[in-house]
Every structure is written in C-alpha cells, then in structure tokens.
Amino acid sequence: MSSHHIVREKQEPALLVLGLDSFPAELLGQLLEWNPTVIATRETGERLNNYGIKIDWIITDQTHGSLQSDIKLMPAGSDTPAEAALKYLVTHNYPAVNIITDDLQLKDYLFFTDKINLVIFNNNQKIYAVNSGFSKWKPTDDTIEILTHTHELHYSGLERTGNHRFKTIHDGFFSLQFDQPFLFIAENL
C-alpha cells in the first residue's frame, strides 16, 4: 500500500525569494519540496526560472514581460519588495513564509511579526521572531545571536560569547525572557 500526501493550499509556508547569492541549492530544494506559493523579484525570478522552478508571483512595477506565461505580477508601489509580498500573504491568510534574502533589513519585517510566521534565511543564518518565554532544544555549543536590541534580557542554558552572541552550554533547552513584544534571533544553518 502506498502512502500519498495531500498538500492543501497554504498548508506549507510560502516562499519569498529576494536574493540567492549565498543560499545553498540543497536547502532551496528542501523549501520547495511541498510546492509552496513562490514569490520572487524580477532578478531572482530569472534565476529561479533558469533552474526550472515554477514561480507564482513576480514583484515588479512593470506591467508586461513575464518569465513564464502563468506568472502573476505583484506591484510594489512605494513598498519594498518584502513589504509588498508580506502584505499580499497576510491579506490572503497565509500562516507562514520562508524568506531568502542577501540583504537583511529587519525593519521591513517588524510590522508583520505578529501577523504571519516569518523565517528569514540570510548569510547562512536562520532568523525568526520570538516572544518572551521562548525556549528551544539545541545541542551543546550551538550559536544563537540576538539581532534586536533589548535592555532586560534574561536567559538560561546559554553562555555569552560576544556582543549579542551566545552558545548553548549543554544538550537541552535554552530560554529567553525579555521586556518587549518580540526579539529577532538567528541560528546558524
């Protein structure tokens, strides 16, 4: 008896591709495994098209010249490409999005952290927002970087190794407590 998985639309995180210069092809394949909605800029769309990857939306203010005949165009207007795509995803009730970028601008994501689950891949790091009380299991010596400035950070299971950088002190859970709505943290891929 064979096993078939039925993937419902929006069940898997959408994929927003803003840059691909430092992103491993193997990880791209993993993110595409379940056929997510793929949104790209014109530049990254050309690269994805060359790889034979189906693109659903291109963020552009041009009104013609699609790479594939079935690609829809998403105008950015005065928004950054990230903001335009995230507004679309939130409006259309996507619960999550994976974002690949070469140029990390956390300000583009601040407004959306409580509206959609964001995972940002940049410079061999996986970046996401966490709420106070966050905990996660990690092996010994894994690196965690806090990307958001905070005054009242309390942590357990971690040891400070530098400015905003920590490593896990043993196999097990680490936790973070702080006095603001969320923090962006990064872990190495």
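Here are the numbers:
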quantity	calculated
Flag if I55 is closer than 21 Å to L31 by Cβ and either acidic (D, E) or part of a loop (DSSP other than H, G, I, E, B) (or both)	yes
Residue match in the range 99-112 (condition: of a type in the set (S, T, Y) and over 25 Å from T168 (Cβ atoms))	yes
Scope the range 164-181; condition outside any strand (DSSP E or B) and at pLDDT 95 or above; matching residues	I169, H170, D171, F178
Candidates V97, V90, filtered to the one that is surrounded by fewer than 17 Cβ atoms within 10 Å (Cβ to Cβ) and of a type in the set (A, V, I, L, M, F, W, C)	V90
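The values are calculated or read from the model by the stated rules, or taken from the named source; none is laboratory data. Note that the coordinates shown come from a computational prediction; the quantities given were computed from them, not determined experimentally. FYI the Cβ positions are ideal-geometry reconstructions off the backbone, even for glycines, and counts take in every protein chain you see.
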